[in-house]
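Notes follow the structure.
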Amino acid sequence: MSAEHPVRAWTAGGFEPVDEPIGATLAADSWLVVDGRVLAWQRHQLRFADAVAEAGGDRLDAMAAVRSAVGLAPAEGRWSPRVDLTPAGIRLRIRPAPAPSDTVEVVTASRDPRREPLRKGPDLEALQALLEEESARAGRDVEPILCSDGCVAEGSRSALLWWQDGVLHVPAPRIRRMASVTAAVIEEVAALDGVEVRRVAARPEELEGAEVWLANALRGIRGVAAWLGGPEVAAPSRVGAWRERLEGLRTPAMAGRS
């Protein structure tokens, strides 16, 4: 068992410590807890349950596991609980979350290693390897942007959104990518604000001049400061206000266990 990220196994009585590594990941989910508050934890519960069911597991059991896990992070600080469905069962790790960052640099991925682009879990190691490979090639930290049929789909660990002419854009439904909890919340907030949301199939060069975002639960919204070797993007000007909006939507984690 890792002293840094102890592993807990899901049992009928809850999560119990086990002295074993995480096996092959069939399905996974993670979320950010900030001082005991979580954004849209129920969506993470449903996404994990759907992924577990697709992998041949018990959907209701997966929902119960997330319901139990959501309140186990410490009440203070930034934490990232992660649940994995492995051949041995559901496992939980509660990891310290990285410091927040408002910006990120990206590159267009040189390859697409995804085998299961619609299910979080099976491709996580391959996508991490791609991120490290592209960062080494760039000589600094970058996140690769994956394309499907030549159109932008998502980052290696984030959803992709962009602004052009005051309109929020997201990849079209036909573009194969992971369902993002954070991106879904952003779209709903935009709709409440009367912001037009367009779902389009766009090639990287068509994002020229756009304000581009990457978004995920762990890192929130990050504005793309530069697209190395790609389109010239606009300076991110909306990130701060929208990060505040999402922070205001966090709810106490323990409330999710009632």
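The values are calculated or read from the model by the stated rules, or taken from the named source; none is laboratory data. Small disclaimer: the values here were computed from a predicted structure and weren't measured. Positions of Cβ are backbone-derived with ideal geometry, glycine not excepted, and every protein chain shown enters the neighbour counts.
A compact table of results
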{"quantity": "Qualifying positions in region 27-39 - surrounded by fewer than 20 Cβ atoms within 10 Å (Cβ to Cβ) and in a loop (DSSP other than H, G, I, E, B)", "calculated": "D35, G36"}
{"quantity": "Cβ pairs under 9 Å, 6+ apart, first in region 39-54 and free of Cβ contacts under 8 Å to residues at least 12 places away in the same chain, second not in a loop (DSSP other than H, G, I, E, B)", "calculated": "D50/A27; D50/R59; D50/A62; A53/A27; A53/R59; A53/A62"}
{"quantity": "Single residue of region 1-26 satisfying the filter (of a type in the set (A, V, I, L, M) and surrounded by 14 or more Cβ atoms within 10 Å (Cβ to Cβ)) that is farthest from R95 (Cα to Cα)", "calculated": "L26"}
{"quantity": "Selection from region 122-136 of residues that are free of Cβ contacts under 8 Å to residues at least 60 places away in the same chain and either under 17 Å from the mean Cα position of the chain (by Cα) or assigned by TED's automatic domain parsing to the domain that holds A55 (or both)", "calculated": "D123, A126, L127, Q128, A129, L130, L131"}
{"quantity": "Matching residues in region 201-258 - criterion: being touching a helix residue (DSSP H, G or I) at 6+ places or on another chain (Cβ under 8 Å) and assigned to a helix (DSSP H, G or I)", "calculated": "W242, R245, L246, A253, G256, R257"}
{"quantity": "Candidate set from region 1-32 (those that are of a type in the set (D, E) and closer than 30 Å to L246 by Cα); member that is modelled with the lowest pLDDT", "calculated": "E4"}
{"quantity": "Neighbours by Cβ (under 8 Å, 6+ apart or cross-chain): first from region 59-74, assigned by TED's automatic domain parsing to the domain that holds V34 and touching a residue at least 12 places away in the same chain (Cβ under 8 Å); second outside any helix (DSSP H, G or I) and of a type in the set (D, E)", "calculated": "V66/D29"}
{"quantity": "Top-ranked residue in region 92-113 [being part of a loop (DSSP other than H, G, I, E, B) and under 15 Å from the mean Cα position of the chain (by Cα); ranked as surrounded by the most Cβ atoms within 10 Å (Cβ to Cβ)]", "calculated": "A97"}
{"quantity": "Output for region 161-189, where each listed residue is of a type in the set (A, V, I, L, M), surrounded by fewer than 21 Cβ atoms within 10 Å (Cβ to Cβ) and part of a loop (DSSP other than H, G, I, E, B)", "calculated": "A172, A179"}
{"quantity": "Criterion: at pLDDT 95 or above, assigned by TED's automatic domain parsing to the domain that holds K120, over 18 Å from the mean Cα position of the chain (by Cα) and surrounded by 18 or more Cβ atoms within 10 Å (Cβ to Cβ) - qualifying residue of E196, E232, E206, E211", "calculated": "E211"}
